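*Asks:* Got a structure here, written out as structure tokens. Questions coming.
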Amino acid sequence: MTAVTRLNQESLSELPESVSRPTYDRSKLSAGILHIGVGGFHRSHEAWYTNKLLEATGATQWGICGVGLREADRKIADILKKQDYLYTLIIKHPDGKIENQVIGSIIDFMLGSDDPAAVTDRMADEKTKIVSLTITEGGYNFKPATGEFNFKNPEVKHDLANPNEPKSVFGFLTAGLKKRRAAGLTPFTIQSCDNIQHNGDMTRKMLLAFARKQDPVLAEWIENEVCFPNAMVDRITPVTTPDDIETLENEHGIKDKWPVTCEPFSQWVIEDKFCNGRPEWEKVGAQFVPDVTPYETMKIRLLNAGHSVLGMLGSIHGHTTIDECVADPLFAAYLRRFMDFEATPVLDPVEGIDLEQYKDSLIERFGNPYIKDSLARICLESSSKLPKFIIPTITENLELGGSTEYAALVIAAWCYYSDKGVSKDGVKLEIVDDMKEELHKAASGTASSKLSFLKLKPVFGNLAQNKGFTEDYTCLINSLYENPDISLLMQAALFGRD
Ligand code: CS2
């Protein structure tokens, strides 16, 4: 039987030899980074890069203080606290090899919903140099069709009326920066790590819209003094399953209540725009570049869009994971065709990257049979993903006369998913989306009006007015509603109709 060690600072030395653990002195670290949104992705990406940096350089000022803003973050807060903020990163290689790494870069955690002032005080602490964010694509609070800040959001309304008791990320950042300015300190950099095109510019635009309403003088200071580097972030990080937790304990002897699993690949391309110093992440594999635009467009429109293509079509077909989809030749061919015929023609060349190789490597990464990335995760919050991942490819192709039929089937599948909530064989598909009701209502109008779903303006903008697109889309909807065996429509798109 394997001896089992409950993970915490004291037990680190008792872990099995095969588990790598921090060799730096964690008690010497201070938190130069405050991170909002400590989900799996932050823990497999920024915290992992930072762990590597602490290991390689002996820097002490770049520990991370995690922050959760919602009551729902209490679980991670409690678990991390009990484990002295340590957790295991389980890296799953495609050949079955597993690397277990205990990550030590997170050294504290605060729950904003318990004590907002403590969080904004921490933001105003001189030692805090960067506030980084993974708040999901939906967290930026803009109206998808117009890109403008949504002042109707109840949390935003609350924060405008109660500046000292914020709930939203924008309320927190504004209150933290206000304290910092009052103390005469240099501001912190705000660093987005979400999959949004120009994520730094977007954060800046949204924060300024909020701050201008609350305190125009402060907003001007933010505008002039705060840096918001854009970045492309990448590492596939599926949802941790009970099985991952059990295997870690039974086969590797680590009792960790919330480990994170991920693929071996990782990439982080960042604009070198920091107003108060930064870690030397380039020493551990990150890339600093003057303009990140081509990297982020490539990643969002190939990787994330590719995920959504498989997520929507695969769910209707009855597949459940990404690797299962790419092991199906029809799905692999469809994905490649979407990438080659629709996504690539509207991408700019990316210096130093061969797009053909990049696409090959994506299909390989998606195929990693140990990652088991669930389509349910991919289809979460699609209303804030597809407008960033796929719809820009459609609209740009429409402007240039390019093909849109592969993407059109994805939208038709999304309509079917939102309307019926079942696969072709009647297996239930959960809709987890902030816009669940609107999506369902619009999609269920399809029976009487074929374009009902597409007319959901906050998601699709003016797509329903494009005649060429709507003709194809209507045909696909008719066929799919007549026979939900989506593989027939995929085959027809690839090989033509008889
Ligand atoms: C996924 C991403 O959420 C999604 O739909 O495409 O989480 C993806 O796995 C990551 O961006 C990979 O870097």
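*Asks:* Under 30 Å from Tyr49 (Cβ atoms), away from the ligand (no atom under 16 Å from the Cβ), in contact with a Lys or Arg (Cβ under 6 Å, 6 or more places away or on another chain) and not acidic (Asp, Glu): is that true of Phe188 in this structure? Don't jump to the end; show me each part of the working.
*Replies:* On the way: under 30 Å from Tyr49 (Cβ atoms): yes; away from the ligand (no atom under 16 Å from the Cβ): yes; in contact with a Lys or Arg (Cβ under 6 Å, 6 or more places away or on another chain): yes; not acidic (Asp, Glu): yes.
Answer is yes for this residue.
*Asks:* May I ask you to say which residue of Lys167, Lys205, Lys213 is in contact with a Lys or Arg (Cβ under 9 Å, 6 or more places away or on another chain) and of a type in the set (Lys, Arg)? So that I can check it myself, show each step before the final result.
*Replies:* Working: Lys205 fails: in contact with a Lys or Arg (Cβ under 9 Å, 6 or more places away or on another chain); Lys213 fails: in contact with a Lys or Arg (Cβ under 9 Å, 6 or more places away or on another chain).
From the options Lys167, Lys205, Lys213, the qualifying one is Lys167.
*Asks:* I need a count of the residues in segment 369-402 that are more than 24 Å from Pro484 (Cβ to Cβ) and open to solvent by 10 Å² or more (accessible area, probe 1.4 Å).
*Replies:* 15
*Asks:* Further question: Just the residues that are open to solvent by less than 40 Å² (accessible area, probe 1.4 Å) and not hydrophobic (A, V, I, L, M, F, W, C), please, taken from segment 79-107.
*Replies:* Within segment 79-107, Gln83, Tyr85, Tyr87, Thr88, Lys92, His93, Gly96, Asn100, Gln101, Gly104, Ser105 meet the criteria.
*Asks:* For segment 219-238, which residues satisfy the criterion of being open to solvent by less than 50 Å² (accessible area, probe 1.4 Å) and away from the ligand (no atom under 14 Å from the Cβ)? Working first, answer last.
*Replies:* Of the residues in segment 219-238, the ones open to solvent by less than 50 Å² (accessible area, probe 1.4 Å) are 219, 221-222, 226-238.
If the condition is that a residue be open to solvent by less than 50 Å² (accessible area, probe 1.4 Å) and away from the ligand (no atom under 14 Å from the Cβ), then Ala219, Trp221, Ile222, Val226, Cys227, Phe228, Pro229, Asn230 are the ones that fit.
*Asks:* Moving on. Counting only residues that are loosely packed, with under 14 Cβ neighbours inside 10 Å and either closer than 21 Å to Gly66 by Cα or of a type in the set (Ser, Thr, Tyr) (or both), how many does segment 133-164 have?
*Replies:* 2
*Asks:* Going by the structure shown, is Ile76 at pLDDT 95 or above, β-branched (Val, Ile, Thr) and assigned to a helix (DSSP H, G or I)?
*Replies:* Details: at pLDDT 95 or above: yes; β-branched (Val, Ile, Thr): yes; assigned to a helix (DSSP H, G or I): yes.
Against the criterion (at pLDDT 95 or above, β-branched (Val, Ile, Thr) and assigned to a helix (DSSP H, G or I)), Ile76 qualifies.
Matching residues to (1) away from the ligand (no atom under 16 Å from the Cβ); (2) without any contact (Cβ under 8 Å) to a residue 12 or more places away in the chain; (3) surrounded by fewer than 23 Cβ atoms within 10 Å (Cβ to Cβ):
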| position | (1), (2), (3) |
| --- | --- |
| His42 | no, no, no |
| Asn51 | yes, no, no |
| Ala56 | yes, no, yes |
| Cys65 | yes, no, no |
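*Asks:* I'd like to know if segment 313-328 contains one or more residues that are farther than 20 Å from Phe389 by Cβ and touching a residue at least 60 places away in the same chain (Cβ under 8 Å).
*Replies:* Taking every residue of segment 313-328 in turn, at least one turns out to be farther than 20 Å from Phe389 by Cβ and touching a residue at least 60 places away in the same chain (Cβ under 8 Å).
*Asks:* Quick check, is Val169 buried (at least 23 other Cβ atoms within 10 Å of the Cβ), within 16 Å of the ligand (Cβ to nearest atom) and not acidic (Asp, Glu)? I'd like the intermediate steps shown before the answer.
*Replies:* Numbers: buried (at least 23 other Cβ atoms within 10 Å of the Cβ): yes; within 16 Å of the ligand (Cβ to nearest atom): no; not acidic (Asp, Glu): yes.
So Val169 fails the test.
*Asks:* Let me ask another. Return yes or no: is Glu342 outside any helix (DSSP H, G or I) and either more than 13 Å from the ligand (Cβ to nearest atom) or among the acidic types (Asp, Glu) (or both)? Steps first, please.
*Replies:* Details: outside any helix (DSSP H, G or I): no; either more than 13 Å from the ligand (Cβ to nearest atom) or among the acidic types (Asp, Glu) (or both): yes.
Against the criterion (outside any helix (DSSP H, G or I) and either more than 13 Å from the ligand (Cβ to nearest atom) or among the acidic types (Asp, Glu) (or both)), Glu342 does not qualify.
*Asks:* Would you list the helices (runs of 4 or more DSSP H) that sit entirely within segment 239-320 and hold 2 or more residues that are within 16 Å of the ligand (Cβ to nearest atom) and surrounded by 21 or more Cβ atoms within 10 Å (Cβ to Cβ)?
*Replies:* So the answer is 293-298, 305-317.
*Asks:* Shifting gears a bit: Has segment 146-159 got any residue that is under 21 Å from the mean Cα position of the chain (by Cα) and under 22 Å from Phe274 (Cβ atoms)?
*Replies:* No, segment 146-159 contains no residue that is under 21 Å from the mean Cα position of the chain (by Cα) and under 22 Å from Phe274 (Cβ atoms).
*Asks:* Related question: Which numbered condition trips up Glu351, out of (1) at pLDDT below 95; (2) touching a Gly at 6+ places or on another chain (Cβ under 8 Å)?
*Replies:* Exception for Glu351: condition (2).
*Asks:* Restricting to segment 345-376, name every residue that is in contact with a helix residue (DSSP H, G or I) (Cβ under 6 Å, 6 or more places away or on another chain), of a type in the set (Asp, Glu) and either farther than 30 Å from Thr240 by Cα or more than 16 Å from the ligand (Cβ to nearest atom) (or both).
*Replies:* Asp348 - this is the single residue of segment 345-376 that is in contact with a helix residue (DSSP H, G or I) (Cβ under 6 Å, 6 or more places away or on another chain), of a type in the set (Asp, Glu) and either farther than 30 Å from Thr240 by Cα or more than 16 Å from the ligand (Cβ to nearest atom) (or both).
*Asks:* Something else now. Given the condition within 26 Å of the chain's Cα centre (by Cα) and assigned to a helix (DSSP H, G or I), answer yes or no: does some residue in segment 463-476 qualify?
*Replies:* Within segment 463-476, one or more residues are within 26 Å of the chain's Cα centre (by Cα) and assigned to a helix (DSSP H, G or I).
The values are calculated or read from the model by the stated rules, or taken from the named source; none is laboratory data. Small disclaimer: the values here were computed from a predicted structure and weren't measured. Reconstructed Cβ throughout: ideal geometry from the backbone, glycine too, with neighbour counts over all protein chains shown. When the accessible area is computed, the model is the full protein with side chains, heavy atoms only, and any ligands, DNA or RNA have been set aside. Shrake-Rupley method; radii C 1.70, N 1.55, O 1.52, S 1.80 Å.
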